[in-house]
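Here is the structure we will look at, set down as structure tokens.
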């Protein structure tokens, strides 16, 4: 048997457990194993739905009512109103799309940059490792939030893609370092040695052999990056350095503190608490759900499969 | 200052429309009484020099920094002043010379007398800061230790010469004199040359550059000690406050009954609100606030609200280069769409009133200048959507569904430019955008990162629509020059009026009205010319021009006036009484001026 034929035989081996519906079934089992995971999952679903259908539930220009500025909680205004008498609930719901999309894209960019660069650096070592790690060090050393503040005065973040991209490129450093460490350890393991011995391409080894082994870490990082991105993004809006949209949660916090006097008078408190509540719920959902993600991506934790 | 919401505006208002401060006296009563307030112009920055020419310097007008006199800033009596370091003043019949006599007992806080030389040095520094040129100051002659004569530049006809000269800051020659070269006055004289001799003109340019350069180094100068000729002297600075104690050498020390002053630091308006609500401030200067904060502040029974007029209005301005805003009828239609009451209610509920007329001045100023016969010709542009729609249709605009389309078939959208941190502009811009969008014009507020950037972009004709402060002052020249001055292409160059067309983007003409406007009365006028003439007239001669300009502004709507600011302040009567609440002129100045006039008594 030649080496090439051996390689073909190995390639044909496909572990069924990761394929098709069984992955989703395993995921579902992991989620439903604990009540806290279900709650986390439901919160995430709720916010995702809000982001997808929220803007269609209200007119494009939310109605204003100058006679009901900072109105108290009522059936008409379940979360009170803002500086021009617009319902805070409507602002939170319609604002979810930009906030979540930008955060999700930011997290995605973080994970993609971090994983790809970490894998390459850890696997190839040598000069590519040195170059990538020096760049990573540079990004890790530059304080990312102040950098974001500076960048936001130069670039317009009107579209969530732009915001997500900028959040991603400032926060991939830690991820790249962690993935590199794991790759360095994995590349010395027997199955990788074997794959190399079989003459498999580095691309195949990186993405089909090593990547699945760090996927649990990546999956969890994706979710924690989302919360990180939301904080960074809302922080930017809170400082008032990015485009003004009344329904952006950070803008709501900014207006509540700096022009509504929510810190000095209880009347405007609902305006401050509405976005805070949304942020708190979303973070809670993500934290509760993280536990399930670990199990979904880490086969060793699947007790009943 | 970005965080400070509206304070940048306040500073602008203050710098352009208000002259502040004071002097004081003291000794009787409870001399340990500490008066707490916040400094109107800027927060405390412990690292900044104790220098009044530094933008954030730890030098506090009316407390330890003095002027020759303090303007009452009254529309009814523009020449009313409260004495500062000058005891008396007079001007020649043609207004080109002013004689100033200093307070005989004026002394610096080191016991040395304030002399005419201190004033001369201060006025030389005014040339390096560009302020002396703005009121045509030519030369200064010391007549005696306490008397000096100021003259306008040869051929100068500026009618507010004495008025502006009196409001100059005075600094000690012993500290600042050494910053100036010995030949400073010959440099100043060279810089004033306006003739056609090329050699002299080049020399003048060189002298002007030298002055600018000197000006920059002076703003950075950090004197080791704080010398004050005012009622107080700086004792210590920390990040929380500037603490000043009574200056025993102050010329009217017997009138000052307050022992010390604490100027609290603040990072934003919300911090001033907290101090106010807690009753910690004995006086609170003009601070933008929402209604809920006002309510809370007044819950403190000893907080007393004091309202006086201001001469500043906020307007929505148009660059007529941008289609379709060059069409007067379109601007009129927009004026009918904007519900100014609703905008003011949201944006400036406490310290504003909706503008009644678009006429280039606030309603309180207009009441002194505009006759009923002229007023009757003006349109108030009250909310009338049908009228707006019919005007637009007549101009070829079409409404399809909910949206208005331009005559060329393109949808109509509008960015309303506002400044980051100016929450009243942002909120106002948002409400106007909502009203326009509801009417069918897709509008949204766009925030520019800083006021400096905003002004630069505005001048460079980058915005079609944006907020603008107009009126600004009871002085009608200043008021109308906010529209028919540089923003509309009219500049004064070497004492002559020059017009720059909008085609030259470097000259700051961002309004772009035609030079000749035909009024409904049939009269053809040049608004830049009429405004320039105000500069050459005494107030009593200005009425015709003012009324014509107001009517032209109402008929051509270069900007839609949205709200007038009102000067709302608070005094707290729990620790002090005898506040000058009935004296509008004093209330237009800072508490140091009140104290030096004998007001503010500890309980």
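The values are calculated or read from the model by the stated rules, or taken from the named source; none is laboratory data. Because the structure is predicted, anything quoted here is derived from the model rather than measured. Every residue, glycine as well, gets a Cβ built from its backbone with ideal geometry; the counts of neighbours run over all protein chains shown.
Would you kindly identify the strands (runs of 3 or more DSSP E) lying entirely within the stretch B:231-288 that contain at least 2 residues that are touching a residue at least 24 places away in the same chain (Cβ under 8 Å) and within 14 Å of chain A (Cβ to nearest Cβ)?
Numbers: elements: B:232-238, B:241-246, B:260-264.
Fully inside the stretch B:231-288 and qualifying: nothing.
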message: Can you say whether residue A:285 is crowded, with 24+ Cβ neighbours inside 10 Å and more than 12 Å from chain B (Cβ to nearest Cβ), as far as the supplied structure shows?
response: no
field: Filter result for residue B:227 (more than 14 Å from chain A (Cβ to nearest Cβ), modelled with pLDDT under 95, in contact with a helix residue (DSSP H, G or I) (Cβ under 8 Å, 6 or more places away or on another chain) and more than 29 Å from residue A:84 (Cα to Cα))
entry: yes
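Quick grid of which residues meet (1) at pLDDT below 90; (2) on the phi > 0 side of the Ramachandran plot; (3) more than 25 Å from the chain's Cα centre (by Cα); (4) not assigned by TED's automatic domain parsing to the domain that holds residue B:59:
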site: B:103; (1), (2), (3), (4): no, no, yes, yes
site: B:107; (1), (2), (3), (4): no, no, yes, yes
site: B:144; (1), (2), (3), (4): no, no, yes, yes
site: B:150; (1), (2), (3), (4): no, no, no, yes
site: B:154; (1), (2), (3), (4): yes, no, yes, yes
site: B:157; (1), (2), (3), (4): yes, no, no, yes
site: B:162; (1), (2), (3), (4): no, no, no, yes
site: B:174; (1), (2), (3), (4): no, no, yes, yes
statement: Taking the stretch B:342-372 and keeping residues within 14 Å of chain A (Cβ to nearest Cβ) and in contact (Cβ under 8 Å) with a residue 40 or more places away in the chain leaves B:342, B:343, B:344, B:346, B:347, B:348, B:349, B:350, B:351, B:352, B:354
message: If I go through the stretch A:52-65 residue by residue, how many of them are away from chain B (no Cβ under 14 Å) and either in contact (Cβ under 8 Å) with a residue 40 or more places away in the chain or surrounded by 24 or more Cβ atoms within 10 Å (Cβ to Cβ) (or both)?
response: 3
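Yes or no, residue by residue, for (1) part of a loop (DSSP other than H, G, I, E, B); (2) within 14 Å of chain B (Cβ to nearest Cβ):
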site	(1), (2)
A:210	no, no
A:214	no, no
A:225	no, no
A:246	yes, yes
A:250	no, yes
A:261	yes, yes
A:272	no, yes
A:289	no, no
- line: With criteria (1) in contact with a helix residue (DSSP H, G or I) (Cβ under 8 Å, 6 or more places away or on another chain); (2) more than 22 Å from residue B:363 (Cβ to Cβ); (3) surrounded by fewer than 19 Cβ atoms within 10 Å (Cβ to Cβ), residue B:528 comes up short on (3)
- request: Given the conditions (1) over 22 Å from the mean Cα position of the chain (by Cα); (2) within 14 Å of chain B (Cβ to nearest Cβ); (3) part of a helix (DSSP H, G or I); (4) free of Cβ contacts under 8 Å to residues at least 40 places away in the same chain, report the number of the one that residue A:237 does not fulfil.
  value: (1)
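Restricting the stretch B:69-79 to residues that are closer than 19 Å to residue B:567 by Cα and surrounded by 18 or more Cβ atoms within 10 Å (Cβ to Cβ), which is modelled with the lowest pLDDT?
Residues of the stretch B:69-79 closer than 19 Å to residue B:567 by Cα: B:70-78.
Filter once more, so that each one left must be surrounded by 18 or more Cβ atoms within 10 Å (Cβ to Cβ): B:70-73, B:75, B:78.
On the way: B:70: 96, B:71: 93, B:72: 91, B:73: 87, B:75: 78, B:78: 81.
So the residue we want is B:75.
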- line: Conditions (1) within 30 Å of residue B:299 (Cβ to Cβ); (2) at pLDDT 85 or above; (3) in contact with a helix residue (DSSP H, G or I) (Cβ under 6 Å, 6 or more places away or on another chain) -> residue A:285 fails only (1)
query: Just for the stretch A:66-84: of the residues that are outside any helix (DSSP H, G or I) and within 8 Å of chain B (Cβ to nearest Cβ), which one is nearest to residue B:342 (Cα to Cα)?
result: A:84
